[in-house]
1. Within region 43-68, restricting attention to residues that are within 13 Å of PHE108 (Cβ to Cβ) and out of contact with any helix residue (DSSP H, G or I) (no Cβ under 8 Å at 6 or more places or on another chain), which residue is modelled with the lowest pLDDT?
2. Out of all the residues in region 110-121, which are within 23 Å of the chain's Cα centre (by Cα) and either small (Gly, Ala, Ser) or closer than 13 Å to LEU63 by Cβ (or both)?
3. Exactly one condition in (1) modelled with pLDDT of 80 or more; (2) in contact with a helix residue (DSSP H, G or I) (Cβ under 9 Å, 6 or more places away or on another chain) is false for ILE40; which is it?
Amino acid sequence: MIIKRLFSLFVATSILFTGSIQIAQAAMVSSEQVAQSAGIANAEQDRQRIYAALSREDVRSELVKRGVDPMQVEQRVAALTDEEASAMASQIENAPAGGIIGAIVLIFLVLLLTDILGFTKIFPFTRSVR
């Protein structure tokens with residue numbers, strides 16, 4: 001008799017809690033999805049390294065001296081693709097001491113090229129091919 005009561009209490013309790021059981025669904029995650037999520041984090045880190053290099057006072061003064069607005073440079077860095085940002089960040093990191101001038105020249109050339117191609121109008125001395 002006691003066993004029947006315990007068993008019925010157990011069954012009633014089990015039925016009561018079946019509604020609150022969470023159902024988990026597993027799905028395959030493709031390597032592209034994993035690589036993309038890792039790539040987004042890496043690209044953001046690369047952009048932060050570029051911004052850190054561009055925020056230095058000597059770099060900003062060199063940009064202004066060459067006639068480049070630092071705000072436009074920041075907008076251009078934001079518009080870089082992930083691959084371009086990664087390449088630029090690695091070039092800045094691998095530049096020897098005092099080699100930041102090479103990075104500035106690279107940025108200047110990229111801005112000049114986009115000006116000549118007609119994507120932007122930053123420099124007054126260029127004419128667009130469009």
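The values are calculated or read from the model by the stated rules, or taken from the named source; none is laboratory data. Small disclaimer: the values here were computed from a predicted structure and weren't measured. Heads up, the Cβs are rebuilt from the backbone with ideal geometry, glycines too, and the neighbour counts pull from every protein chain shown.
1. Ranking the candidates gives GLY67 first.
2. Within region 110-121, VAL110, LEU111 meet the criteria.
3. (1)
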